[in-house]
Amino acid sequence: MEALTLVIMAAGIGSRYGGLKQVDPIGPNGEIIIDYSLFDARRAGIEHVVFIIRHDLEQVFKEKIGNRAEQYFKVSYVFQELDMALPPGFKVPAERTKPWGTGQAVLLCRPVISGNFLVINADDFYGYEAIKRLADYMRGVKDEPAHYNYAMVGYRLGNTLSEYGHVARGICKISEDGYLMDLRERTKVQKFPDGIKYTEDGQIWHPLSPDDIASMNIFGLTPSIFDELEARFHSFLNQPTTDLLKSEFYIPEVIGALAREKKAKVRVLTTEERWFGVTYQQDRPWVQAGLRQLIKEGRYPEKLWD
């Protein structure tokens, strides 16, 4: 069986949530959301896990997650800091505090990844079926001379929203034969009494359908993505339109661009799996109830780790 790596992006600050949601207990025995992703990854045959974190989180992260993960996986750490993978001569503005986003995060994994890999967020619950299908698909995938071969899991947008405010979602356009045609990161998507809408400027709201397919940052990639990320990250930082204090370089935007340019064929594996995520503190009871239901259905044991 071809070895796969799982990359877990955990460098986010959790600013809207008001704390380190990556290490916040959510399961019946103190499990955190990453525990469920690791449990599903192990069931799906993944043996190597890469955690992307910040240096200031290292100690608490290893105590809460890393030390336990090392009992089941080969574990690597990648640190995402502002001054990494920058173009020669580029200076980080003194007022910039946040890292450059998920695109930079994945690019920094290049030294520890040799084969195909999966990427997920630390604070999202994806479900076993999603991780297993993506892992099985990526085991048999190689790039072709004419294009790269990637994959992603797509969720129904209506199944992925918070009741308590706006969220960021990658909205997908999919061909009839199941490949990604376009993916646009919408940073403010919100539920209203009259439907789901997004805004780019905070003023004008555009409608979306609950049946639209959303990317939840769960991708299957080959190592070819690293050269693309490096070139596009450098272009992003040098664009006059980039706000160097706030703009972020998003992995879904890169994958969407590669699909539009026909440089990559991105297979979209849709799922009815229940997605849970903690964007706001108020989301916690909803996620806890969802997990309890899955345990009741026998999908997960009451206690994940012996």
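The values are calculated or read from the model by the stated rules, or taken from the named source; none is laboratory data. This structure is a prediction, so every number in the text was calculated from the model and none was measured. Heads up, the Cβs are rebuilt from the backbone with ideal geometry, glycines too, and the neighbour counts pull from every protein chain shown.
Here are a few things to note about the model shown:
- Residues of the stretch 110-135 that turn out to be over 27 Å from Val278 (Cα atoms) and in contact (Cβ under 8 Å) with a residue 60 or more places away in the chain, as a count: 6
- Within the stretch 104-123, considering residues that are surrounded by fewer than 20 Cβ atoms within 10 Å (Cβ to Cβ) and not hydrophobic (A, V, I, L, M, F, W, C), the one modelled with the lowest pLDDT: Ser114
- Within the stretch 209-231, residues that are farther than 16 Å from Ala135 by Cβ reach partners that are surrounded by fewer than 17 Cβ atoms within 10 Å (Cβ to Cβ) and of a type in the set (A, V, I, L, M, F, W, C) with beta carbons closer than 9 Å, at six or more positions or on different chains, in the pairs Glu228/Ala257.
- Picking from residues in the stretch 228-264 that are touching a Lys or Arg at 6+ places or on another chain (Cβ under 9 Å) and charged (D, E, K, R), the one that is surrounded by the fewest Cβ atoms within 10 Å (Cβ to Cβ) is Lys246.
- Scope the stretch 131-145; condition touching a strand residue (DSSP E or B) at 6+ places or on another chain (Cβ under 9 Å) and assigned to a loop (DSSP other than H, G, I, E, B); matching residues: Val141, Lys142, Asp143, Glu144
- Yes/no for Gly220 being over 21 Å from Ser37 (Cα atoms) and of a type in the set (Gly, Ala, Ser): no
- Test result for Ala135, surrounded by fewer than 19 Cβ atoms within 10 Å (Cβ to Cβ), under 16 Å from the mean Cα position of the chain (by Cα) and among the hydrophobic types (A, V, I, L, M, F, W, C): no
- Tally of residues being under 16 Å from Phe276 (Cβ atoms), among the hydrophobic types (A, V, I, L, M, F, W, C) and touching a Gly at 6+ places or on another chain (Cβ under 9 Å) across the stretch 149-174: 2
- Residue that is surrounded by the fewest Cβ atoms within 10 Å (Cβ to Cβ), among those in the stretch 157-182 that are within 16 Å of the chain's Cα centre (by Cα) and of a type outside the set (Val, Ile, Thr): Ala168
- Segments classed as strands (runs of 3 or more DSSP E), wholly inside the stretch 189-299, with at least 2 members that are among the charged types (D, E, K, R), under 28 Å from Pro99 (Cβ atoms) and touching a strand residue (DSSP E or B) at 6+ places or on another chain (Cβ under 8 Å): none
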